[in-house]
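S.K.: One structure follows; several queries about it will come next.
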Amino acid sequence: MKRYSVLAVASAAVVLSGCVTVEKTSFAKQAGQEVLVRSGRDAILSQTGSTQLIVAPASRTEKMPRPTYVALIRNTGNKPVTLRYSDISVVQTDTGKPLKVWTVDELQSEARGQAIALAILGGVAGVASGYYSGSGTVNGQHYTYSGYNGAAGSAIAGANVRSAAAEGEINVAALENNMLMDNTILPGESYGGAFVFDAAKVAKTSDPKQYTITFKIGPDVHKIQLAVTKEKSK
């Protein structure tokens with residue numbers, strides 16, 4: 001079965017005049033963690049055992065249907081470590097409720113369905129293979145979308161990940177279009193990509209959404225605590 005290196009394929013684009021409401025992610029650092037700035041946004045570095053983990057919000061996360069974050073993992077030890085996507089978990093911190101972490105297959109299925117529907121409406125070429133992008137309107141809502149399909153597109157996307165990770169730093173723009181997958185990270189190597197989960201449910205839209213994200217990488221466990229608040233911006 002072909003695997004599609006696709007993320008964020010249908011995102012609502014809403015244009016507002018004057019003040020707009022934006023989402024801001026803030027991290028609560030724990031022992032062994034440090035808050036950083038990467039690609040113009042807050043990020044957090046966690047060092048546990050023989051692995052380093054950097055997590056930052058994707059640059060287009062506000063336009064995504066679900067919270068989307070980018071992670072970069074570096075193996076600082078002398079033995080290989082393996083990331084299993086199923087070992088990434090998210091809970092709503094204030095309620096303890098587990099939230100669904102979407103797999104690449106689930107997102108691919110959803111993305112292709114949306115892209116094909118939009119292609120029918122907007123006449124987009126190239127949806128079946130390679131890189132596709134475009135926009136369209138469904139049920140009165142305007143969407144833009146892009147992604148890679150097929151083996152050739154997957155190879156290009158994979159090369160983008162390797163290029164960004166080779167420098168040992170998080171490059172949100174380069175990594176956010178590629179999903180994290182199961183991967184063994186050799187000593188000195190870095191590996192990165194995006195992960196997607198369901199949004200927390202809060203009583204009022206102005207209430208902060210609080211998340212605890214757990215990464216198990218080999219024997220190491222990283223716990224990242226963050227809050228997402230809405231702020232007015234011009």
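The values are calculated or read from the model by the stated rules, or taken from the named source; none is laboratory data. If you're wondering where the values come from, they're calculated on a predicted model, not measured in any experiment. FYI the Cβ positions are ideal-geometry reconstructions off the backbone, even for glycines, and counts take in every protein chain you see. Side chains are part of the model used for accessible areas, which takes the heavy atoms of the whole protein and leaves out ligands, DNA and RNA. Shrake-Rupley method; radii C 1.70, N 1.55, O 1.52, S 1.80 Å.
S.K.: Kindly establish whether residue 21 is at pLDDT below 80 and surrounded by 23 or more Cβ atoms within 10 Å (Cβ to Cβ).
M.R.: It is false that residue 21 is at pLDDT below 80 and surrounded by 23 or more Cβ atoms within 10 Å (Cβ to Cβ).
S.K.: Only residues in region 44-55 that are in contact (Cβ under 8 Å) with a residue 40 or more places away in the chain count as the first member; pair them with residues that are open to solvent by 50 Å² or more (accessible area, probe 1.4 Å) and of a type in the set (A, V, I, L, M, F, W, C), Cβ under 9 angstrom, at least 6 apart or cross-chain, and list the lot.
M.R.: Matching pairs, first to second residue: 44/35; 48/221; 49/221.
S.K.: Return yes when residue 13 is at pLDDT below 90 and either within 15 Å of the chain's Cα centre (by Cα) or farther than 19 Å from residue 108 by Cβ (or both) and no when it is not.
M.R.: yes
S.K.: Follow-up question, since we're still on this one. Quick one: which residue in 91, 81, 104, 55 is of a type outside the set (Ser, Thr, Tyr), open to solvent by less than 20 Å² (accessible area, probe 1.4 Å) and at pLDDT 95 or above?
M.R.: Testing whether each residue is of a type outside the set (Ser, Thr, Tyr), open to solvent by less than 20 Å² (accessible area, probe 1.4 Å) and at pLDDT 95 or above leaves just 81.
S.K.: Which members of region 186-234 meet the condition of being assigned to a strand (DSSP E or B), over 18 Å from residue 24 (Cβ atoms), open to solvent by 60 Å² or more (accessible area, probe 1.4 Å) and not aliphatic (A, V, I, L, M)?
M.R.: Of everything in region 186-234, those that are assigned to a strand (DSSP E or B), over 18 Å from residue 24 (Cβ atoms), open to solvent by 60 Å² or more (accessible area, probe 1.4 Å) and not aliphatic (A, V, I, L, M) turn out to be 216, 223.
S.K.: Restricting region 36-51 to residues that are open to solvent by 60 Å² or more (accessible area, probe 1.4 Å) and in a strand (DSSP E or B), which is nearest to residue 187 (Cα to Cα)?
M.R.: 47
S.K.: Answer yes if at least one residue in region 68-77 is surrounded by fewer than 19 Cβ atoms within 10 Å (Cβ to Cβ), out of contact with any helix residue (DSSP H, G or I) (no Cβ under 6 Å at 6 or more places or on another chain) and among the charged types (D, E, K, R), and no otherwise.
M.R.: no
S.K.: Within region 176-185, which residues are part of a strand (DSSP E or B) and touching a Gly at 6+ places or on another chain (Cβ under 7 Å)?
M.R.: 179
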